[in-house]
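What follows is a set of notes on a single structure, which appears directly below.
The values are calculated or read from the model by the stated rules, or taken from the named source; none is laboratory data. Quantities reported herein were computed from a predicted structural model and do not represent experimental measurements. A quick note on method: Cβ atoms are made from the backbone with ideal geometry, for glycine too, and the neighbour counts reach across all protein chains shown.
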Amino acid sequence: MSKHLISIIIPFKNTSEFLPECLNSIVNQTYTNWEVLIVDDHSTDDSYKIVEAYAKTDSRVKLFANSGKGIIEALRLGFSKSSGTYITRMDSDDIMHHEKLESMYSNLQLYGKQHIALGLVKYFSKEGIGEGYAKYEQWLNTLTQQGTNYSEIYKECVIPSPCWMIHRDDFIACDGFNPSRYPEDYDLTFRFYKHQIKCIPSDTVLHYWRDYTTRASRTDSNYAFNHFLELKLDYFLELHYQADRPLTIWGAGQKGKRAVQVLKEKQIPLHWICDNPKKIGKDIYGIQLKNFEYLKTLNQPQSIITVANEKEQQIIKSYFKSIDMIAMKDFFFFC
């Protein structure tokens, strides 16, 4: 029986230094029935010429110029030109494990529709990987090994943008690359979650994620923390918020303050609590900060936690457990 076509969608801009490694890792895949829809987002270096050379020697590589501007429009164009039964995305500066497509395809054949195939990721960099990225890699891979990615979806993006594969019908049902909202990978992850697309566990490193100082996720304002926070709050209000239950924000740092501002602008009533003696009793934005024990006076509250310190988070988790509250139902960690 013939294997299905896989469409690999790649936006690129000024990544000439990395494109050969990226494209070679695709050409050398053990799974060979694929097409690359690779879209140039107005590069000013030699990127276009490099891809053009690959396209001339391999008909599976299909090069396009972005008629719009930005990653989302490039992704949208690539998908519009695709024909594959299965859809995946790749970043032009990364490298695929040579069995990546085969592994993901096999998992989707086993589990069927309403599932998304994932793989473990490994960061690499000439300068070495910083502590933050190392922790993110470990956290993300731990979730993927169990297929429990959505259990911490409000912390960070739990599905790596260049390491997933899904059936075309499911991708379309989730509205694909249509929404014009950044960060686009996190927004898509929330839509996978909203449409109950189940994560297939994986214990194999399938994607090598390059880090460098000029990477878009480090430099593009579309990936600033405020965009992440507002995206999380919008999906929380849509998917989990229950208006008949009191809402509390736990934490008065930068993220806690911004969360309160956004929710006030949306006219969502809330209570504000913390465990910092220096802040308890203070009036910020017209709301008095109360001791976290105030939770016990509320009838079935829902809580958003914006405390980032890992030790403090463990203490907070233990506290919620002691009062019989459940994660992703009664309390939600936003960092």
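Consider region 18-40. How many of its residues are without any contact (Cβ under 8 Å) to a residue 12 or more places away in the chain and outside any helix (DSSP H, G or I)?
1
When Gly256 is evaluated against the numbered criteria (1) part of a loop (DSSP other than H, G, I, E, B); (2) under 26 Å from the mean Cα position of the chain (by Cα), which criterion, by number, is the only one it fails?
Failing condition for Gly256: (1).
Taking Ser83, is it touching a helix residue (DSSP H, G or I) at 6+ places or on another chain (Cβ under 6 Å), within 29 Å of Ala173 (Cβ to Cβ) and either of a type in the set (Gly, Ala, Ser) or not assigned by TED's automatic domain parsing to the domain that holds Lys13 (or both)? Give the derivation first.
Numbers: touching a helix residue (DSSP H, G or I) at 6+ places or on another chain (Cβ under 6 Å): no; within 29 Å of Ala173 (Cβ to Cβ): yes; either of a type in the set (Gly, Ala, Ser) or not assigned by TED's automatic domain parsing to the domain that holds Lys13 (or both): yes.
When the stated conditions are applied, Ser83 does not pass them.
Suppose we keep only residues that are of a type in the set (D, E, K, R) and within 21 Å of Phe18 (Cβ to Cβ) within region 107-131. Which one would you say is nearest to the chain's Cα centre (by Cα)?
In this case the residue turns out to be Lys122.
Quick one: how many residues across region 297-335 are within 16 Å of Pro246 (Cβ to Cβ) and of a type outside the set (A, V, I, L, M, F, W, C)?
Selection size over region 297-335: 8.
Given the criterion assigned to a loop (DSSP other than H, G, I, E, B) and in contact (Cβ under 8 Å) with a residue 40 or more places away in the chain, identify the matching residue among Lys122, Lys126.
When all the criteria are applied, what remains is Lys126.
Of the residues Leu101, Leu120, Leu143, which is closer than 27 Å to Asp41 by Cα, aliphatic (A, V, I, L, M) and touching a helix residue (DSSP H, G or I) at 6+ places or on another chain (Cβ under 9 Å)?
The unique qualifying residue is Leu101.
Out of (1) of a type in the set (Ser, Thr, Tyr); (2) assigned to a loop (DSSP other than H, G, I, E, B); (3) under 19 Å from Phe177 (Cβ atoms), what's the single condition that is false for Ser59?
Here Ser59 meets the rest and fails (3).
So for region 64-80 (the condition being farther than 24 Å from Val205 by Cα, modelled with pLDDT of 95 or more and among the aromatic types (Phe, Trp, Tyr)), does at least one residue qualify?
yes
Taking the stated definitions as given, is Ile166 over 13 Å from the mean Cα position of the chain (by Cα), outside any loop (DSSP other than H, G, I, E, B) and crowded, with 19+ Cβ neighbours inside 10 Å?
Yes.
Tell me which residues, restricted to region 243-281, are surrounded by 20 or more Cβ atoms within 10 Å (Cβ to Cβ) and of a type in the set (D, E, K, R).
Lys255
Taking the options Ile323, Ile280, name whichever one is more than 30 Å from Phe12 (Cβ to Cβ), touching a strand residue (DSSP E or B) at 6+ places or on another chain (Cβ under 8 Å) and not charged (D, E, K, R). Outline the logic, then answer.
Details: Ile323 fails: touching a strand residue (DSSP E or B) at 6+ places or on another chain (Cβ under 8 Å).
Matching residue, one of Ile323, Ile280: Ile280.
Inside region 19-67, can you point out the residues that are among the charged types (D, E, K, R), within 21 Å of Tyr86 (Cα to Cα) and in contact with an Asp or Glu (Cβ under 9 Å, 6 or more places away or on another chain)?
The answer is Arg60, Lys62.
Hey, any hits in region 198-211 for a residue that's assigned to a helix (DSSP H, G or I), of a type outside the set (Val, Ile, Thr) and at pLDDT 95 or above?
Within region 198-211 (the criterion being assigned to a helix (DSSP H, G or I), of a type outside the set (Val, Ile, Thr) and at pLDDT 95 or above), the answer is no, since none of the residues qualifies.
Among Gly132, Gly128, which is on the phi > 0 side of the Ramachandran plot, surrounded by fewer than 21 Cβ atoms within 10 Å (Cβ to Cβ) and at pLDDT below 95?
When all the criteria are applied, what remains is Gly128.
Does region 304-326 contain at least one residue that is assigned to a strand (DSSP E or B) and not hydrophobic (A, V, I, L, M, F, W, C)?
Checked against the condition, which is being assigned to a strand (DSSP E or B) and not hydrophobic (A, V, I, L, M, F, W, C), region 304-326 yields no hits at all.
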